[in-house]
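Structure record follows, encoded as structure tokens.
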């Protein structure tokens, strides 16, 4: 079925954007309160992209970073990462990657790569290889072993990105499985996650 | 000492707002009570002090002789179950069965034992037919029973219900009544916050009135609902039958049956 | 925000920081950019947000800058790198790169911090509406800003509710990690439920009416707004002409 | 002519096999207050959503039958414009806020902004509404920071600001304390005086008895009883259908039973008894 982008922006889908952004914020807070070793700050973007598609996912990612940027302008620089994650994850959902284990593995690998390269571009070109976070130590270690900057940053992002993607995606996926069918049916991208077998006439 | 006891407890929130002032309350096992009072009277703060969601800024709360200052909320929750006002704050599973069973998971029970416990809790909450449904397929009022069942399944000695009657139809309110007497028969204590005065009259022998951060009175429904001074001060109203009795000129009446009995031979109203 | 600057029209302040960002990017060297930081600090003083400005700035920027210097000067191997000890080198080129890069970061981030501290989101939304941006866009921005604190509150309530049914939030990593889903799950499910209801609430307020929208909130451009705008544009033109002539 | 008319409505939610509403017909007259009651899950909210056009527009599913609003088929209305004809408010005070306004003042104006009312008229109307709902002290507060009862009043005020002729209130007091509940009922009375047609879903029959003209009782998706308050809320059949009777009525019915007399036309409220006694006193 061919549909324009406009079709993605129902009122229901629009209302998911603020929820997605807030979930990123809450996820981040919770991971700090529970003293978890990774920041679970992408669940909102991933969840929203899963059930409302690439464009809504993209916007949730973008807005999230702009909101963070009000307090920490560096986050604005990294918008491109969230935007890519939201967009790509939304397309995987559209292509029904998330309904079987192979699709999920492929999606996670590709998401990791997308995240790593987009993050590396920002890190290297805007911030000279630095993010101001703990992962800089990994990059520093790579540099110390004589690797080039670009190579080091990409490697760091592939490692930390893989962990982040798997955890953020895993939690999002687990929770989306728990969303009632009644709600999924109202969303353009909800169909793959509906558990009940019914023919949907709309 | 009583099983649950608040000793000279005061509580102020971090922003300085004092919500509970010098409160003393005691509950023995098997002794249920209703807590009534206007919004802002301190009802929810008082019960949150009981299961250590809040720690008193002054005074102490004891559960089974253990001060809540020396325990974690998770430990206290084994003795005191607290059903929040809004069920949506607790529900996160995709079937009612899993939701009720969640609290039991840590107890390392055999699956048959677990199943029995879940089903027993579901039965008394009227959920037995819908155990495989998604919690959100039930309306808000019924979702409340899911969280009640989840707490019942863990078998605490004290159960706190925060406004269980809100938005319930007649059948559900009757079910709540049965549930409370069932628990009392098992020597459990049920503490219920409610705005439904008819419910209080029917189901409780002890009523605690809170107003303006303080305990105003702790007595039987009859004493409370005919203490007009107290009701006025606490911004509460008599149940409808008390109002009717009052209009007809009878004092101290609490139920329709009593009223019928009293005016058997009178013909005040034609 | 109730200062003279706080009450300016958002697009005047926006034009101003765009000018600063453009200049920071194109003026060679680093002295000008570091001066911008001082300049923004002075304006913050004038806007009554100096303390807030410094606090926000210090929280994120200095650590980044220090790391950049360490990376560029001591770790990355450049043509002129001289070994100091093991993998630590010193590079003059790295030092220059650090100075230009960090000066731009400092200038641009300080102007962004200042902008958001002296501009109400409400005013930004209003200005966007007035400039013809789709109602859907402004709606999403406004609702995000309102929702985040509500969701944080709700997540605290949920944490309490789950703790009182026995979920441990302290202990080893496994215990703490296990608490994550029960804490975030109810938030997702209840916000989805709330979205459904909010759609009804919004439709009941004629959200999808085709009429041209009006606004009860009003923000008028003052004379000073026009002066700032014209000034910024003039500065930019002068700079461009000057660069071309060089 | 009826202001709202439902003819032979049948409805099934998507993903469900069971029909929620069956052969439901109803006519509501202008200016009356209707109390819609019945057990939970009997279809009360569904009926409200059908009248407002949210079903099938937002909920999808299969709807047959005819909904007429002011003599015109509901399909001929735009869902956005219906807001100016039918006001709709429901039980959860939190989700009823627009979520985009940070003062009560602007929150109330939001609906008018959407239909393009001029700023001057808007200010005038908002002030009028603030006074009517006694919200003047709260104008600068963030709606999210209000108490449940205050939020609910703001929500209803925001809907009434659009001046709809019909107002649907779906359990507006179920999450509120007695004082706030009373406030809402006072407002219902005010709205009635202004000639609004009101459909009120409510379990608190003792209050319905005091404020409504007619009662509609739903059971399992069917309209089982309908008529003047006096007639319906003194009929023990209400209980059989999952509804309840006012305490005062229950007493008088039992009393009549004991005396072996007829239970029709018993008083339903304390006020009624009081008035009756005082009238007798004068006579």
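The values are calculated or read from the model by the stated rules, or taken from the named source; none is laboratory data. Keep in mind the model is a prediction, meaning the values are calculated, not measured. Every residue, glycine among them, receives a Cβ derived from its backbone with ideal geometry; neighbour counts consider all protein chains shown.
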Would you pick out the residues in region A:151-179 that are crowded, with 17+ Cβ neighbours inside 10 Å and in a loop (DSSP other than H, G, I, E, B)? A:178, A:179
Is it the case that some residue within region D:63-80 is facing another protein chain (nearest Cβ under 9 Å), on the phi < 0 side of the Ramachandran plot and not in a loop (DSSP other than H, G, I, E, B)? no
Note: among C:127, C:159, just one is in a helix (DSSP H, G or I), away from chain A (no Cβ under 11 Å) and crowded, with 19+ Cβ neighbours inside 10 Å, namely C:127
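Let's see how each residue does on (1) touching a residue at least 12 places away in the same chain (Cβ under 8 Å); (2) in a loop (DSSP other than H, G, I, E, B); (3) facing another protein chain (nearest Cβ under 7 Å); (4) touching a strand residue (DSSP E or B) at 6+ places or on another chain (Cβ under 8 Å):
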residue	(1), (2), (3), (4)
D:116	no, yes, yes, no
D:122	yes, no, yes, no
D:125	yes, no, no, no
D:153	yes, no, no, no
Scan region A:108-134 and report the pairs whose first residue is away from every other protein chain (no Cβ under 14 Å) and whose second residue is surrounded by fewer than 20 Cβ atoms within 10 Å (Cβ to Cβ) and at pLDDT below 90, with Cβ atoms within less than 7 Å and a gap of 6+ or a chain change. none
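Helices (runs of 4 or more DSSP H) wholly in region B:1-117 with at least 3 residues that are touching a residue at least 24 places away in the same chain (Cβ under 8 Å) and surrounded by 20 or more Cβ atoms within 10 Å (Cβ to Cβ) - which ones? Lay out the reasoning, then the answer.
Working: elements: B:43-50, B:73-77, B:96-101.
In region B:1-117, B:43-50, B:96-101 are the helices (runs of 4 or more DSSP H) which contain 3 or more residues that are touching a residue at least 24 places away in the same chain (Cβ under 8 Å) and surrounded by 20 or more Cβ atoms within 10 Å (Cβ to Cβ).
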From the list D:92, D:49, exactly one residue is buried (at least 19 other Cβ atoms within 10 Å of the Cβ), in contact with a helix residue (DSSP H, G or I) (Cβ under 8 Å, 6 or more places away or on another chain) and not assigned by TED's automatic domain parsing to the domain that holds residue D:175. Which is it? D:92
Which residues, taken from region C:130-139, are within 9 Å of chain D (Cβ to nearest Cβ) and closer than 18 Å to residue A:67 by Cα? C:138, C:139
Which condition number does residue C:89 fail, the rest of (1) touching a helix residue (DSSP H, G or I) at 6+ places or on another chain (Cβ under 7 Å); (2) more than 9 Å from every other protein chain (Cβ to nearest Cβ); (3) assigned to a helix (DSSP H, G or I) being met? (3)
Quick one: is residue D:140 assigned to a loop (DSSP other than H, G, I, E, B) and either loosely packed, with under 15 Cβ neighbours inside 10 Å or modelled with pLDDT of 95 or more (or both)? yes
Would you check which residues across region B:210-254 are part of a loop (DSSP other than H, G, I, E, B), more than 30 Å from residue B:45 (Cα to Cα) and touching a helix residue (DSSP H, G or I) at 6+ places or on another chain (Cβ under 6 Å) and list them? B:250, B:253
In region C:35-59, anything within 13 Å of another protein chain (Cβ to nearest Cβ) and surrounded by fewer than 16 Cβ atoms within 10 Å (Cβ to Cβ) is listed as C:52, C:55, C:58, C:59
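Could you say which residue among A:88, A:122, A:114 is touching a helix residue (DSSP H, G or I) at 6+ places or on another chain (Cβ under 8 Å) and farther than 27 Å from residue A:192 by Cα?
Details: A:88 fails: farther than 27 Å from residue A:192 by Cα; A:114 fails: farther than 27 Å from residue A:192 by Cα.
Sole residue among the options that is touching a helix residue (DSSP H, G or I) at 6+ places or on another chain (Cβ under 8 Å) and farther than 27 Å from residue A:192 by Cα: A:122.
Go through region D:1-34 and count every residue that is in a loop (DSSP other than H, G, I, E, B) and within 14 Å of chain A (Cβ to nearest Cβ). Before you say what the answer is, go through the steps one by one.
Restricting attention to region D:1-34, the residues satisfying the condition of being in a loop (DSSP other than H, G, I, E, B) are D:1-3, D:13-20, D:29-32.
From what is left, the residues that are within 14 Å of chain A (Cβ to nearest Cβ) are D:13-18, D:20.
Looking only at that region, the number is 7.
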Residues located in region C:60-72, provided they are facing chain A (nearest Cβ under 7 Å) and at pLDDT 90 or above: C:63, C:64, C:67, C:68, C:71, C:72
Total residues in region D:212-263, condition in contact with a helix residue (DSSP H, G or I) (Cβ under 9 Å, 6 or more places away or on another chain) and part of a strand (DSSP E or B): 10
Of the criteria (1) without any contact (Cβ under 8 Å) to a residue 12 or more places away in the chain; (2) out of contact with any strand residue (DSSP E or B) (no Cβ under 9 Å at 6 or more places or on another chain), which one residue C:109 fails: (1)
Of the residues that sit in region B:142-162 and are out of contact with any helix residue (DSSP H, G or I) (no Cβ under 6 Å at 6 or more places or on another chain) and farther than 19 Å from residue B:181 by Cβ, which one is surrounded by the most Cβ atoms within 10 Å (Cβ to Cβ)? B:142
